[in-house]
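Undergrad: Before we start, here is the structure in question, set down as structure tokens.
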């Protein structure tokens, strides 16, 4: 059963981001991956991240409430969170982002992949307004 999720986020324009207590950062336009985990209720966690109307709790909430940011694709994994994060590669745009409880010295659970669409993001995903939540829920519920 998957416990780790990766949100592929497209940032249409550069923006200045203040996420919680982290120092403000300037994010370039392009593609980002946020890696998180939820031992229980993974679908509910991902659905929460996709909503714009929410209490700002996690660092990624500050990014995802920005108009410039849109989750385009969601990948689920059984790999441990830090291991999945390490596989992404890319640059660390905001040190400490999403890694408050990280014990693997990841540096950040948000990675900047650059301006070009990553191959893991299907072309069709760009045309949808939201990632396939029905498919996500069905996969998590074994349907």
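Read-outs throughout are calculated quantities, based only on the coordinates presented, and are distinct from any laboratory measurement. Computed from a predicted model, the values in this text were never measured in an experiment. Neighbour counts are summed over all protein chains in view; Cβ atoms, including those assigned to glycine, are modelled from backbone coordinates with ideal geometry.
Undergrad: Would any residue of segment 5-32 have its amide N under 16 Å from a label point 7 Å out along Cα→Cβ of residue 91? List them or say none.
TA: 11-17, 25-32
Undergrad: How far is the Cα center of segment 6-68 from the Cα center of segment 98-113, in Å?
TA: After rounding, the separation between the Cα centres reads 13 Å.
Undergrad: Multiply the residue separation of residue 105 and residue 21 by 0.36 nm, subtract the distance between their alpha-carbon atoms, and state the gained length in nm to one decimal.
TA: Gain in length upon complete extension: 28.4 nm.
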